[in-house]
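Throughout, read-outs are computed from the coordinates displayed, never taken from laboratory work. Treat the numbers as computed from the prediction; the structure is a model and nothing was measured. Note: ideal-geometry Cβ built from the backbone for every residue, glycine included; neighbour counts use all protein chains shown.
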Amino acid sequence: MLTPYPRRRRVLAVAAAVLVAATGYSVAGSATPPASAAIGQLTWSDEFNGAAGTPPNSSRWRYDIGGGGWGNNELEYYTNSTSNAAHDGAGNLVITARRENPAGYSCWYGPCQYTSARLLTAATFTQTYGRFEARMKLPRGQGLWPAFWMLGNNIGSVGWPTSGEIDIMENVGFEPSTVHGTLHGPGYSGGGGVGAGYTLPGGQAFADAFHTFTVDWEPNAITWYVDGIQYSRKTPADIGGNRWVFDHPFFIIMNVAVGGNWPGSPNASTVFPQTLTVDYVRVYAYTSDGGGGTGATGPITGFGGKCVDVAGANTANGTQVQLWDCNGTAAQRWTMAADGSIRALGKCLDVSGGSTANGARVQLWDCNGTGAQRWQATAARDLVNPQANKCLDATNVSSANGTPLQIWQCTGGANQKWTVPG
């Protein structure tokens, strides 16, 4: 068991992002993670397929145990009992917070009032960079504090927050529709953590259904998603000149806290027991070569021998993608990523508005993993957007400089034939 260390507090610098249903996420979750050119093969997972009532797999998970408040004045006593963490026999792990003290546990404030569980991989698995993802259904109620998060494995030698902390998902009961993703390090810890919030549209609560929580962690960038929707991305530029401490192995933690400085205590409205139900936890490798594929980079040439070009080398969202004389500039260097995206200037080739209609313009946009940014290069030299089942097309069968690109029903015409890198 690790020495108790501080964990998560009220994030004062949170900006809640309300994302409307038009963004098209699936509240049911998906086994297909958000797209990223830097994410490779599955390296570690737990699908929680154990028999009902059995404990978590000890080759993957260990326990933090105790009731010392965990740096946040929490009220629960964490146990290793299957009463607090067990498989449900239906492909899930269930972490249960209970209002009880079955064994006379002593907490920092006197006899404990609650039990729960806190699982971690410090002794079984650590990784530097990659995708860390879980599909979960959260508990509900005032005073509940579920979390899916990570700590640097050097915490025993350097302490917190120098070890670094990556909060993939935190929720407090008084905000049933909002989760938070936050970084903590030296000079930006506690209430000064750097993060953002994501709020479900339409008054939905995270306790109503399963949702998928993901971070993509790369050198000098960490990106958060809910149900495949990117809502935050942080880099060293966001931490106010402080040290970026996210370039070494981290381990995973899952827990349900009860009470504490941020969520406050349960009250008469809080119903116990409350459960965090976890469908899976999956970790993927980071790879600098384009997600485990070739990551081939170079020009895309097409009609009239012209190149696919970002107009003016402008990186603003919505910039036109067009035909232009090949010139070897960065505006014409495209990476064919293993996730199906095509990238230039740090952004993705995108169908405007996610449209599937003939004539929908193609543009540059922040990479977001949607179908509007997936492409397939065929043996016939078509570039197909599978979501629309249409081909990348030079508008009006023109090869003039500045001809905008669009999607159109695949015709086999010369204005739809492309030579891609690799």
Q. Just for the Cα atoms in the stretch 297-416, what are the lengths along the principal axes, largest first, rounded to whole Å?
A. 31, 30, 24
Q | Computed [θ] at 222 nm, deg cm²/dmol, the chain (DSSP H ≥ 4; -39,500 (n - 2.57); rounded to nearest 500) | A | 0 deg cm²/dmol
Q. So how strong a dipole does the stretch 156-304 carry about its Cα centre when Lys and Arg Cβ are +1 and Asp and Glu Cβ are -1, to the nearest 20 debye?
A. 160 debye
(Q) Looking at the calculated P(r) for the chain, what percent of the C-alpha pair distances fall above 37 Å? (A) 30 percent
Q: Step through the residues of the stretch 167-178 one at a time and calculate ³J(HN,Hα) from phi using the Karplus curve (6.51 cos²θ - 1.76 cosθ + 1.60, θ = phi - 60°), rounding each to whole Hz and writing x for Gly and Pro.
A: 8, 6, 8, 10, 9, 10, x, 6, 10, x, 9, 10
Q. Exposure proxy check: Ser177, Ser265 ranked by fewest other beta carbons within 10 Å?
A. Ser265, Ser177
Q | Taking only Cα atoms of the stretch 348-393, radius of gyration then Dmax in Å | A | 9.8, 29
Q.
Just want the answer: with Cβ charges of +1 for Lys and Arg and -1 for Asp and Glu, which residue in Tyr105, Leu120, Pro249 is farthest toward the dipole's positive end in the chain?
A. Pro249
Q. Using a Gaussian network model of the chain with C-alpha springs under 10 Å, which one of Arg361, Arg233, Arg381 is most mobile by mean-square fluctuation?
A. Arg381
Q | Rg in Å to one decimal, and Dmax rounded to a whole Å, for the stretch 123-252 via C-alpha atoms | A | 14.5, 46
Q: In debye, nearest 20, what is the charge dipole magnitude of the chain about its Cα centre with +1 on Lys and Arg Cβ and -1 on Asp and Glu Cβ, if you could check?
A: 160 debye
Q: Two decimals is fine: what is log10 I(q)/I(0) at q = 0.18 Å⁻¹ for the stretch 85-178, from a Debye sum with one equal scatterer on every Cα and no solvent?
A: -1.14
Q | Gaussian network model of the chain, Cα within-10 Å springs - most flexible of Gln204, Gln320, Gln332 | A | Gln204
(Q) If neighbour count is taken as other Cβ atoms inside 10 Å, put Leu75, Leu276, Leu345 in order from fewest to most. (A) Leu345, Leu75, Leu276
Q: Averaging sequence separations of C-alpha pairs under 8 Å and six or more residues apart, then dividing by the length of the stretch 361-412, give the relative contact order as a whole percent.
A: 31 percent
Q) Most exposed first by the Cβ proxy, i.e. fewest other Cβ within 10 Å, how do Ser352, Ser58 rank? A) Ser58, Ser352
Q.
From Cα pairs below 8 angstrom and at least 6 apart in sequence, can you work out the relative contact order of the chain, rounded to a whole percent?
A. 19 percent
